[in-house]
Amino acid sequence: MKQLSTKVTSNGHGQDSSYFLGWEEYEKNPYDEIKNPDGIIQMGLAENQLCFDLIETWLAKNPDAAGLKKDGQSIFKELALFQDYHGLPEFKKALAEFMEEIRGNRVTFDPSKIVLAAGSTSANETLMFCLAEPGDAFLLPTPYYPGFDRDLKWRTGAEIVPIHCTSSNGFQITESALQQAYQQAQKLDLKVKGVLVTNPSNPLGTMLTRREINLLVDFISSKNIHLISDEIYSGTVFGFEQFVSVMDVLKDKNLENSEVSKRVHVVYSLSKDLGLPGFRVGAIYSNDEMVVSAATKMSSFGLVSSQTQYLLSALLSDKKFTSKYLDENQKRLKIRQKQLVSGLEAAGVTCLKSNAGLFCWVDMRHLLDTNTFEAELELWKKIVYEVKLNISPGSSCHCTEPGWFRVCFANMSEDTLDLAMKRLKEYVESTDSRRMISKSSHERIKSLRKRTVSNWVFRVSWTDRVPDER
């Protein structure tokens, strides 16, 4: 008799992806400057560790928040007792205002339309449960975050159909790619329920352009389907450009209170902008009352603790702190990204021009032995096991072109990043040397064969001519 469910015994979780396998190898041999200087450096984890000092300084100055006190009096019992799944009103208000601040206060978020969840993983899965039946499909532009294969599909039974984007235009979404993906889903007899995008993109580290967002809104409007905009990296945009949210576009198109707006949903989290993935704070924002109601009920399976909400409501309500934090976070991200790009260039490696996120989309196609995904995985293994860097191969992100890799830069010190680039440069130089030697040897052999054949032809020709001359 079968003892376990198919979900338990199948590999639908995606744990066998090279994305997760790289983490496993890192955990077996993690780099430590003192204890294990020859270990694997983790460059496959998109964590923001650049501004912990700012948060720790705030905590030291605000002991009541961290000590679960209010006006000097303990509220531990109040927070420890049962809380319903709607969340603390003061936290939802503070979170809504923080989301508005990131978007330059150009748009507003109604706290009553926010559903709290235990991180963006839970938020995205909850939306799948709300919007799709098992077997229904969502269209996702490639390359996309490898974890979506787990988050969107594993427990919900939903399917993903890729929108194939290419390096020819910087992996931007085009109308033809959208239409082809939709048609492919129809050929597979899949009902398309919506499109899901990350903005800024994981793994590209780029913002969606206003043109792309307009295209997406027009597309879902014409098809009468949903759009989920995962904007968990919205506060990581650096440089001179401002983050453009799908909410900005809805406002520009005068669609804020339209039927279309009810089919546009935003996912947010404090894991990336504030660097707090361990706090498990995610959110869904939707204009559809039924979605908000159902998602709120579902959130009981993944609540954010009252203690966490209380602490963060105090932190996010401090406008002087949030303004300073967002500004400093973006400055530090820009400096660290520049450090990675410079290190890559010194190693003869380039990457897609980016302006957001905690990673770069790195072009290593010239290091492949052949233009195949098999060659990409072989290169990835060498980088993990020989160079001792865990990076994420493009194939794990469903990229259509072999040789691209996601490389993270915000989860380590400057010195560790310098060491990682030193290791990579040494590997590239040794690879180039081997290739030059191999090419030189090949050319010598080819030249020797040519001379040998030439001499043989000369001797044969001379012999052939002798009888005629006699």
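Any residue in segment 25-42 that is modelled with pLDDT of 95 or more, within 30 Å of Thr322 (Cβ to Cβ) and surrounded by 13 or more Cβ atoms within 10 Å (Cβ to Cβ)?
The answer is yes; a qualifying residue exists.
Is at least one residue of segment 66-74 assigned to a loop (DSSP other than H, G, I, E, B), under 30 Å from Lys422 (Cα atoms) and open to solvent by 60 Å² or more (accessible area, probe 1.4 Å)?
No; the residues of segment 66-74 include none that is assigned to a loop (DSSP other than H, G, I, E, B), under 30 Å from Lys422 (Cα atoms) and open to solvent by 60 Å² or more (accessible area, probe 1.4 Å).
Hey, can you tell me all the residues within segment 239-262 that are in contact with a Gly (Cβ under 9 Å, 6 or more places away or on another chain) and loosely packed, with under 14 Cβ neighbours inside 10 Å?
Correct list: Gln242 only.
Which ones in segment 97-111 are in a helix (DSSP H, G or I) and touching a residue at least 24 places away in the same chain (Cβ under 8 Å)?
Hits for segment 97-111 are Glu97, Phe98, Met99, Glu101, Ile102.
So Asn224 ticks every box in (1) at pLDDT 95 or above; (2) at negative phi; (3) more than 22 Å from the chain's Cα centre (by Cα) but one. Which box is left unticked?
(2)
On the basis of being small (Gly, Ala, Ser), modelled with pLDDT of 95 or more and open to solvent by 30 Å² or more (accessible area, probe 1.4 Å), does Ala295 make the cut?
For Ala295, the condition - small (Gly, Ala, Ser), modelled with pLDDT of 95 or more and open to solvent by 30 Å² or more (accessible area, probe 1.4 Å) - is not met.
Would a scan of segment 281-289 turn up a residue that is over 24 Å from Glu90 (Cβ atoms), modelled with pLDDT of 95 or more, of a type outside the set (A, V, I, L, M) and open to solvent by less than 30 Å² (accessible area, probe 1.4 Å)?
Checked segment 281-289: no residue is over 24 Å from Glu90 (Cβ atoms), modelled with pLDDT of 95 or more, of a type outside the set (A, V, I, L, M) and open to solvent by less than 30 Å² (accessible area, probe 1.4 Å).
Taking the options Val107, Val192, name whichever one is buried (at least 21 other Cβ atoms within 10 Å of the Cβ) and over 21 Å from the mean Cα position of the chain (by Cα).
Checking each option against the conditions leaves just Val192.
Of the numbered conditions (1) of a type in the set (Asp, Glu); (2) under 25 Å from the mean Cα position of the chain (by Cα); (3) assigned to a helix (DSSP H, G or I), Asp16 fails exactly one; give the number of that condition.
Going through (1) of a type in the set (Asp, Glu); (2) under 25 Å from the mean Cα position of the chain (by Cα); (3) assigned to a helix (DSSP H, G or I) one by one, Asp16 breaks only (3).
Taking interchain pairs and intrachain pairs at least six residues apart, which have beta carbon atoms under 7 angstrom, with the first residue in segment 295-321 and without any contact (Cβ under 8 Å) to a residue 60 or more places away in the chain and the second open to solvent by less than 40 Å² (accessible area, probe 1.4 Å)?
What qualifies is Thr308/Val281.
Kindly evaluate Asn48 against the criterion of being open to solvent by less than 50 Å² (accessible area, probe 1.4 Å), of a type in the set (S, T, N, Q), modelled with pLDDT of 90 or more and under 20 Å from Leu276 (Cβ atoms).
Answer is yes for this residue.
Restricting to segment 121-140, name every residue that is in contact with a strand residue (DSSP E or B) (Cβ under 7 Å, 6 or more places away or on another chain) and open to solvent by less than 20 Å² (accessible area, probe 1.4 Å).
Those that are in contact with a strand residue (DSSP E or B) (Cβ under 7 Å, 6 or more places away or on another chain) and open to solvent by less than 20 Å² (accessible area, probe 1.4 Å): Ala123, Asn124, Thr126, Leu127, Leu131, Ala132, Asp136, Ala137, Phe138, Leu139, Leu140.
Identify the residue in segment 348-363 that is in contact with an Asp or Glu (Cβ under 8 Å, 6 or more places away or on another chain) and touching a residue at least 24 places away in the same chain (Cβ under 8 Å) and, among all such residues, is surrounded by the most Cβ atoms within 10 Å (Cβ to Cβ).
Only one residue fits best here, namely Leu358.
Can you give me the number of residues within segment 218-237 that are among the small types (Gly, Ala, Ser) and within 20 Å of Tyr144 (Cα to Cα)?
Residues flagged as among the small types (Gly, Ala, Ser) and within 20 Å of Tyr144 (Cα to Cα) within segment 218-237 amount to 3.
Check segment 3-11 and report whether any residue there is at pLDDT 90 or above, over 30 Å from the mean Cα position of the chain (by Cα) and farther than 21 Å from Tyr310 by Cα.
No, the conditions are met nowhere in segment 3-11.
If we scan segment 148-163, do we find a residue that is of a type outside the set (Gly, Ala, Ser), within 15 Å of Ala283 (Cα to Cα) and either at pLDDT 95 or above or open to solvent by less than 10 Å² (accessible area, probe 1.4 Å) (or both)?
Checking segment 148-163: at least one residue is of a type outside the set (Gly, Ala, Ser), within 15 Å of Ala283 (Cα to Cα) and either at pLDDT 95 or above or open to solvent by less than 10 Å² (accessible area, probe 1.4 Å) (or both).
How many residues are of a type in the set (Gly, Ala, Ser) and either farther than 30 Å from Gln337 by Cβ or open to solvent by less than 20 Å² (accessible area, probe 1.4 Å) (or both) when one looks only at segment 51-65?
1
For segment 219-232, give me the residue count where each residue is under 20 Å from Ala123 (Cβ atoms) and either of a type in the set (S, T, N, Q) or open to solvent by 10 Å² or more (accessible area, probe 1.4 Å) (or both).
The number of residues fulfilling the criteria is 3.
Within segment 326-342, identify whether any single residue is open to solvent by 30 Å² or more (accessible area, probe 1.4 Å), of a type outside the set (S, T, N, Q) and either modelled with pLDDT under 95 or not in a helix (DSSP H, G or I) (or both), and answer yes or no.
No, segment 326-342 contains no residue that is open to solvent by 30 Å² or more (accessible area, probe 1.4 Å), of a type outside the set (S, T, N, Q) and either modelled with pLDDT under 95 or not in a helix (DSSP H, G or I) (or both).
The values are calculated or read from the model by the stated rules, or taken from the named source; none is laboratory data. Bear in mind that the values here come from a model prediction, so they are computed numbers and not experimental data. So basically every Cβ, Gly included, is an ideal-geometry build from the backbone, and we count neighbours across all protein chains shown. All accessible areas refer to the heavy atoms of the entire protein, side chains included, with ligands and DNA or RNA removed. Shrake-Rupley method; radii C 1.70, N 1.55, O 1.52, S 1.80 Å.
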